[in-house]
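Where a number appears in this text, it was derived from the coordinates with a stated rule and is not lab data. All values derive from a computational prediction rather than experimental measurement. Cβ coordinates were reconstructed from backbone atoms using ideal geometry, including for glycine residues, and neighbour counts include every protein chain displayed.
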Amino acid sequence: MCGIVGYIGKKKAQPILLNCLGKLEYRGYDSCGIAISASGIEVHKDAVRVRVLGEALSVLDGTVGIGHTRWATHGEPSKVNAHPHCDCTGRIAVVHNGVINNFYKLREQLADEGHTLASQTDTEVIPHLIEKYYDGDFVKAVELAVREIEGSYTMIALMADESKIVAARKDSPLIIGIGDRENYIASDVPALLDYTSRVIYLEDGDIAVVSADNVDVKKDGSSVDREEHKILWSVEDAQKAGYEHFMLKEIHEQPKVIRDTLAEYISAAEPAADLTVGDGGLEDMLILACGTSYHASLVGKYIIEGLVKIPVRVELASEFNYSGQASTRSRAIVITQSGETYDALMSVKRLKEEGCQVIVITNVVGSTVSRIADQTVYTRAGPEISVAATKTFVAQLIALYWLALPYSRVDIRRLDDLVMELRQLPVKVQQVLDNEAIIADYARQLAKFENMFYMGKGINYPVALEGALKLKEISYIHAEGYAAGELKHGPFALLGSKTPVVAVVTQDNTYESVITTIKQVKARQSPLLALVGEEDETIIQLADSVITVPQIDPLFSPVVNSVVLQLLAYYVAKRRGCPIDFPRHLAKTVTVE
Ligand code: AGP
């Protein structure tokens, strides 16, 4: 999604803005631009990468500026549609993240009033509205302009000859970075890590007037206090550290992520959240999420139903928001690594309106979701830069195990064993990583295919879904994840020598049934790669290739199996020469519907 940045201070703004924009590339974008205030406003923008934009520029003089990476919603990616957008006088420039629902109406009104709008974007109405309301007071003009806008309007406005920039937040994140006689604005923490660890999170409806030595946050016209936070992520956390791609680095960080997340939970005096069952406590549970977080939620269903023994309903947040029967009798969990996904936020708002207690699992401290939930459980994965979620997924699984274990209704011996096994997970994941070369070899064989199925059953059914999602998003191979038992209800028609199947086999009550499906798949000539938890003669006989994953209790097998499938997707995509960290058309944080 769009990334926005701003700088005001004593240094030249241009290199700082370009560097900050570079750090937001991971959010996904198709064009970019900056506006610098020196003698007047100078705008440079195009449908190019940030590096290319920077290389085409000589260093500009101004010490105040704004910048933007655009992820097209209204109008194709092009120079004219790229941000910043200006008013008729060219003295006001705006960058914006969000969608203005009433922009057609505003556009027509402005045109009738004599404004000429050049782009197809919704954003361009904002600088013209500011121009319309400007009578010598820049801040007032921004306040009046945003009152006209319906929809989401997180934005920064810059005006020639003003020693301040004005930022407004609605429905997308915006952070002020506090420096020494200089201040920064950004959509996201990684943009600021090179400059400051002191931040203020703006809230919906806030308007921040930012000068070099002051930040004044207003709500409904009056100044309000917004707490300053210290960022714990380091610059190194958001760098590749010698890896070719962020995704590979993030896959390799997973043993540490599991350790850090577990350490955080173990050191807490209280369970992460109250899941007490019965006697006025929980009777059932609802979990909502999108994308990879939805797959973690599906694993969560098996974890909570297996341990806590209550029924769990899992829904896509985007569908839940349009469903007729929203409320749940007890409590809901919403999972979102970014804490900013539009559909996830909307589902939290709806649940709360209907009186439901909402626990969120998120990776980003201070994210919007954490400020509207009743309770937040943080994962400690550090910044995830690659668009494809890997370490945050595994961290979400750890959070779900940890939520469920204290309320487990299995017998004490089994519980002790499970806690021991959970603590073993970093070692088991490291063993998978040590097998990277073998997995990369299989990936090279799979890279030539254009269609693939992933299948799993029980707790590893969502793992098949996630494996297929990873593959399609970074390698552009069409892949579908299926419950093993469902393949025969349609997808079998697509099987054959050109459609490999990756089977996740678990040594639990699903084993025999999955073996049956594998035989049926092989009878239809599909090449078959199986993931199995131990040397297994039956599978070796049946499958074309076998990846042996470390032995672990089936409850935790989604963690090790997922890491194998992440590496498989990575090496397939690498073989196909894909832009692994920034897949086409995708955004890391999806802040629009
Ligand atoms: C995963 O690889 C994707 N990039 C995507 O599905 C992602 O998980 C989804 O957009 C949800 O994001 P969230 O966890 O930040 O809410």
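Ranked by the mean number of other Cβ atoms within 10 Å of their residues, highest first, the peptides 512-524, 20-32, 468-480 come out as 20-32, 468-480, 512-524. Sorting 286-293, 86-93, 362-369, 407-414 by their mean Cβ neighbour count within 10 Å, with the most densely packed peptide first, gives 286-293, 362-369, 86-93, 407-414. Shown here: segment 246-378, whose C-alpha atoms stretch 42, 32, 26 Å along the first, second and third principal axes, sorted largest to smallest. Candidate cross-link partners of Lys519 among the aspartates and glutamates, defined by an alpha-carbon separation under 16 Å and a same-chain spacing of 8 or more, comprise Glu486, Asp536, Glu537, Asp544.
Roughly what % antiparallel, to the nearest 5, for the DSSP beta bridges in the chain? About 60 percent, rounded to the nearest 5.
Please report, in cubic angstrom per residue, the volume enclosed by the convex hull of the alpha-carbon atoms of segment 377-468.
On the way: hull volume 12.9 nm³, N = 92.
Hull volume normalised by residue count: 140 Å³.
Take every Cα-Cα pair in segment 429-576 and report what % of them are more than 20 Å apart.
Numbers: 4229 of 10878 pairs.
Here the long-distance tail beyond 20 Å is 39 percent of all Cα pairs in segment 429-576.
Extension gain for Tyr322 to Ala268 (0.36 nm times residue separation, less C-alpha to C-alpha distance): 15.7 nm. Only the Cβ atoms of Lys and Arg (+1) and of Asp and Glu (-1) were treated as charged; on that basis the dipole of segment 242-423 about its Cα centre amounts to roughly 60 debye. Ranked by the mean number of other Cβ atoms within 10 Å of their residues, highest first, the peptides 5-17, 394-406 fall in the order 394-406, 5-17.
Over segment 446-502, calculate the relative contact order: mean separation of alpha carbon pairs under 8 Å at least 6 apart, over the residue count, as a percent. All intermediate terms of the calculation are to be shown ahead of the outcome.
Working: 85 pairs, mean separation 26.3, N = 57.
Taking the mean separation of contacting Cα pairs over the length of segment 446-502, I get 46 percent.
Summarising the strand pairing of segment 429-576, around 5 percent of its internal DSSP beta bridges are antiparallel.
Would you kindly calculate the translational diffusion coefficient of the chain, applying Stokes-Einstein with the Kirkwood radius from alpha carbon pairs, for 20 °C and a viscosity of 1.002 mPa s, and quote it in µm² s⁻¹ without decimals? D = 85 µm²/s. Overall, the chain carries a charge dipole of about 1140 debye about its Cα centre when +1 sits on the Cβ of Lys and Arg and -1 on the Cβ of Asp and Glu, all other atoms neutral.
Dividing the summed helix terms, -39500 (n - 2.57) for each DSSP H run of n ≥ 4, by the number of residues in the chain produces a 222 nm estimate of -10500 deg cm²/dmol to the nearest 500. When you restrict to C-alpha pairs under 8 Å that are six or more residues apart and normalise by the size of segment 242-423, the relative contact order lands at 27 percent.
About the Cα centre of segment 429-576, what is the dipole size in debye to 20, counting +1 per Lys and Arg Cβ and -1 per Asp and Glu Cβ, all else neutral?
Dipole of segment 429-576, to the nearest 20 debye: 760 debye.
Normalised by the number of residues in the chain, the average gap of Cα pairs under 8 Å and 6 or more apart makes the relative contact order 12 percent.
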